[in-house]
1. Might you let me know whether region 136-156 holds any residue that is within 26 Å of H38 (Cα to Cα) and in the same structural domain as K199 (by TED's automatic domain parsing)?
2. Can you tell me how many residues within region 68-85 are under 20 Å from D8 (Cα atoms) and of a type in the set (D, E, K, R)?
3. I'd like the residue in region 38-51 that is of a type in the set (A, V, I, L, M, F, W, C) and surrounded by fewer than 21 Cβ atoms within 10 Å (Cβ to Cβ) and, out of all such residues, is farthest from Y97 (Cα to Cα).
4. Among the residues of region 29-57, write down those that are farther than 21 Å from R113 by Cβ and touching a helix residue (DSSP H, G or I) at 6+ places or on another chain (Cβ under 6 Å).
5. Scanning for something among the basic types (K, R), modelled with pLDDT under 95 and out of contact with any strand residue (DSSP E or B) (no Cβ under 6 Å at 6 or more places or on another chain), does region 177-194 turn up at least one residue?
6. Which of the helices (runs of 4 or more DSSP H) contained wholly in region 17-109 include at least 2 residues that are within 26 Å of Q152 (Cα to Cα)?
7. Within the bounds of region 1-9, is there any residue that is closer than 30 Å to R162 by Cβ, in a loop (DSSP other than H, G, I, E, B), of a type in the set (A, V, I, L, M) and modelled with pLDDT of 90 or more?
8. Mind checking which residues of region 88-111 are closer than 15 Å to F25 by Cβ and in contact (Cβ under 8 Å) with a residue 12 or more places away in the chain?
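The values are calculated or read from the model by the stated rules, or taken from the named source; none is laboratory data. Worth saying up front: this structure is predicted, and the values here are computed from it rather than measured. So basically every Cβ, Gly included, is an ideal-geometry build from the backbone, and we count neighbours across all protein chains shown.
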Amino acid sequence: MRVLVVEDEARTAEYLQKGLTESGFIVDIATTGSDGIHMADATEYDVIILDVMLPGTDGWTVIKAIRAKADTPVLFLTALDDVADRVRGFELGADDYLVKPFAFAELLARIRRCLRQSSGKEYERLRIEDLDIDVLGRRVFRNNIRLELTNQEFSLLHLLVRRRGEVLSRTTIASQVWDVNFDTDTNVVDVAIRRLRSKVDDPFEVKLIHTVRGMGYVLDPDRRR
């Protein structure tokens, strides 16, 4: 899942990026309101964390611009703690409002609640054959057996499942899972796929993840490797 953090205070932005990345999110940072508007317009985000007091264009203006085009969940994270400010945030379309200073565990719980509310039950769990993914709980089961995946492996599997039947190139996988563009002569994606297969496919009869020679990888239980 991809998160946009609109925060001008460098230490707070760095703290959020580190914590959310470790929790399995891809995180983009905007340090001004105008940059936040531009990035929200150019990229599809699962949730936006937005400060109010930003240089130039403030958070109130940012959420107005976002709501004019999209219903992406927006969580205000700000030092403004007056009831009037909270009310204003919700009236402008915020999904939640958390006051600084904050506990990261609470922020993470509120983000997950926003995602549940915006995506519905079908997005919380993904099932293919005997593979069951609890998206928000970040748990994976196959044949009712819990699979222990790293954050990177979970993100890779989640991408493959969401785009079931679609052949994904190594470049696409790298940009979605690692948020980088790897050189074509590196084997980072291939290594990650092998590790994921060792947990998701190798112990089971039906193989889900397949190689399409010269193109990339696809998750499809009906295809042969």
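1. yes
2. The number of residues fulfilling the criteria is 2.
3. Once the filter is applied, the top-ranked residue is A42.
4. Across region 29-57, the qualifying residues are I29, A30, G33, G36, I37, L54, G56, T57.
5. Scanning region 177-194 turns up at least one residue that is among the basic types (K, R), modelled with pLDDT under 95 and out of contact with any strand residue (DSSP E or B) (no Cβ under 6 Å at 6 or more places or on another chain).
6. 33-42
7. Within region 1-9, none of the residues are closer than 30 Å to R162 by Cβ, in a loop (DSSP other than H, G, I, E, B), of a type in the set (A, V, I, L, M) and modelled with pLDDT of 90 or more.
8. F104, L107, L108, R110, I111
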